[in-house]
Structure formats: C-alpha cells, structure tokens
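Structure first, commentary second.
The values are calculated or read from the model by the stated rules, or taken from the named source; none is laboratory data. Please read all numbers here as calculations on a predicted model, not as lab measurements. Every residue, glycine as well, gets a Cβ built from its backbone with ideal geometry; the counts of neighbours run over all protein chains shown.
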Amino acid sequence: MVSQSDKALNHSASRLQINWLILLRLVIGWHFLYEGIAKLLTPGWTSAPYLSTSRWLLSPFFNWIATNSDLLIVADWLNIWGLILIGFGLILGVFIKTAAIAGMVLLALYYIAHPPFVGMDFGIPLEGHYVIVNKTLIEIIALGILAVFPAVGGGC
C-alpha cells in the first residue's frame with residue numbers, strides 16, 4: 001500500500017532525484033553486505049579488539065562484552081548477521097525503513113565506541129584525522145535520509 005507521503009514524493013521529486021536516492025540505498029546496502037560477508041568468511045574474526053579499545057561513552061559496557069566469551073560470541077553473531085541482513089534489505093529494496101533504522105543504530109554503536117575526537121588515540125589504524133565527522137557519521141545521516149524517503153524502491 002502506497003502512503004500519501006510516497007505519492008507526494010513521487011509527484012514532487014524528479015526521476016533523477018529518485019534515481020540518486022536509489023543509488024544511495026544500493027551503495028550503502030553493498031557496504032553493509034560486504035562488511036558482513038567479509039567478517040563471516042574471515043577465520044577467527046571477532047569484535048573483541050574493537051570493543052576492548054573503546055574509551056568513550058559505553059566503554060565499560062563494550063569492554064565487558066569483549067572480556068566475556070559468551071557475550072562476545074553473541075555480539076559477533078549479531079554484528080555479522082545484522083550487517084548482512086541490513087545490506088540485503090537495502091539492496092533488494094525490502095523493509096527499507098527498518099533496514100535503514102537498524103543500520104543507523106549499528107553505526108551509532110560503532111561511532112560511540114570509537115568517535116573521531118581530538119586526543120582519542122585508540123591504538124588502531126584510522127583512515128585519517130577527523131574531528132567529529134567521519135564516514136560512520138556520514139553513513140548514519142545518509143541512512144536517515146533513506147528512512148524518511150520510503151519511495152526509494154521499497155516499503156516498511
């Protein structure tokens with residue numbers, strides 16, 4: 001069922017604008033899917049090093065997960081399959097809003113664990129020196145755009 005807001009977007013947005021939103025959905029979906037599959041296929045992959053080096057908000061929680069083998073197994077499983085399912089949802093255009101919001105939550109946890117703030121050296125390689133805004137935050141905002149424009153190739 002198409003909502004009034006979907007109809008309004010289809011009438012007010014140009015085909016070019018809608019195509020760019022669809023392309024945005026597809027490339028973010030690919031990024032999520034790739035990251036999930038890469039982790040799934042990497043023998044011995046674990047989020048423990050990432051979680052154990054967190055030093056900002058929720059760092060006691062992240063460190064606790066990293067040191068508890070049972071919780072770490074659950075966190076790793078949720079991370080891998082969350083990435084894969086979010087990626088498939090975005091690529092296939094099913095449950096786009098749900099996938100976008102789930103992706104925003106997952107990325108927010110990544111951001112909180114390792115924010116790009118001055119003076120926070122986490123001992124892991126970074127792609128550059130950022131101040132507040134990094135690719136994780138940009139992708140969170142892009143997923144927010146996809147969540148509020150449901151007419152980009154799917155529903156829910």
Which one is farthest from A113 (Cα to Cα), of the residues in region 55-85 that are assigned to a helix (DSSP H, G or I) and either among the aromatic types (F, W, Y) or touching a strand residue (DSSP E or B) at 6+ places or on another chain (Cβ under 8 Å) (or both)?
-> W81
Given (1) of a type outside the set (D, E, K, R); (2) more than 24 Å from A142 (Cα to Cα); (3) under 16 Å from the mean Cα position of the chain (by Cα), index of the condition T53 fails = (3)
Residue selected from region 93-119 under the condition part of a helix (DSSP H, G or I) and among the small types (G, A, S), by the criterion nearest to T136 (Cα to Cα) | A108
Out of I22, I112, which single residue is among the aliphatic types (A, V, I, L, M) and free of Cβ contacts under 8 Å to residues at least 60 places away in the same chain?
-> I112
When both residues are 6+ apart or on different chains and their Cβ atoms are under 9 Å apart, which pairs have a first residue that lies in region 56-84 and is farther than 26 Å from M120 by Cα and small (G, A, S), and a second that is buried (at least 17 other Cβ atoms within 10 Å of the Cβ) and at pLDDT 95 or above?
-> G82/F32; G82/G36; G82/A102; G82/G103; G82/L106
Which listed residue is surrounded by fewer than 18 Cβ atoms within 10 Å (Cβ to Cβ) and closer than 17 Å to L33 by Cα, from W77, W64, W56 = W77
Region 20-53: number of residues that are surrounded by 13 or more Cβ atoms within 10 Å (Cβ to Cβ), in a helix (DSSP H, G or I) and of a type outside the set (A, V, I, L, M) | 12
Might you check whether a residue that is outside any helix (DSSP H, G or I) and surrounded by 13 or more Cβ atoms within 10 Å (Cβ to Cβ) occurs anywhere in region 126-134?
-> yes
With (1) closer than 19 Å to I141 by Cα; (2) surrounded by fewer than 17 Cβ atoms within 10 Å (Cβ to Cβ); (3) within 16 Å of the chain's Cα centre (by Cα) as the list, and L90 as the residue in question, which single condition is left unmet?
-> (2)
Subset of region 59-87, residues aromatic (F, W, Y) and within 16 Å of the chain's Cα centre (by Cα), comes to W77, W81
